[in-house]
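The values are calculated or read from the model by the stated rules, or taken from the named source; none is laboratory data. From a predicted model like this one, the values you see are computed outputs, not experimental measurements. Here Cβ is always computed from backbone atoms with ideal geometry, including for glycine, and neighbour counts include all displayed protein chains. Ligands, DNA and RNA are stripped out before the accessible areas are found, and what is left, the full protein with its side chains, is counted by its heavy atoms. Shrake-Rupley method; radii C 1.70, N 1.55, O 1.52, S 1.80 Å.
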Amino acid sequence: MNLPSALAAAGLLLAAAFSTAAQAHAKLESSSPKANAVVTPAPKEVRLQFNEPLEIAFSKVKVMDAKGAEVAPLKADLDKANPKVMVAALPALHAGPYRVQWTTLTRDGHKVKGEFSFQVK
């Protein structure tokens, strides 16, 4: 392989590596409470751990009760020690099922959303 061909091949490999990384989206790695968990006592907060730092100004969390009503407006904040963790304080929750809905924008500009359920015993 001659030098121009080798440089072209190296350039293609670099471009492929960067385009794959640029297309990656934030993923929820863990939550507290955990998805489908039955918890007692009721949690005092929702913690969402992502694989990338978040833009909190464009992030939100809702918690819905069994009837689909939002339990209270929640203010999402970043964990002061970790910009990949979104935290929202919860009001006192009664026994029953709940659904957490979240949306966030990562620092690379990708918007992602998801939801999971848990139950207070």
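With 10 Å bins beginning at zero, the pair-distance distribution over Cα atoms of segment 16-121 amounts to 15, 47, 27, 9, 2, 0 %.
Using a cutoff of 8 angstrom between alpha carbon atoms and counting only pairs six or more residues apart, the relative contact order for segment 27-121 works out to 35 percent. Computed from backbone phi with θ = phi - 60° and the Karplus coefficients 6.51, -1.76 and 1.60, the 3J(HN,Hα) list for segment 64-75 is 10, 8, 4, 8, x, 8, 5, 5, 4, x, 10, 9 Hz; x is used for glycine and proline.
Using 0.36 nm per residue, how much length does the chain from residue 36 to residue 56 gain when fully extended, once their Cα-Cα distance is taken away?
Between residue 36 and residue 56, full extension yields an extra 4.7 nm.
Label sites at residue 64 and residue 115, each approximated as a point 7 angstrom past Cα along Cα to Cβ, lie 0.3 nm apart.
Normalised per residue, the accessible area of segment 16-121 is 61 Å², obtained with a 1.4 Å probe and no contribution from ligands, DNA or RNA.
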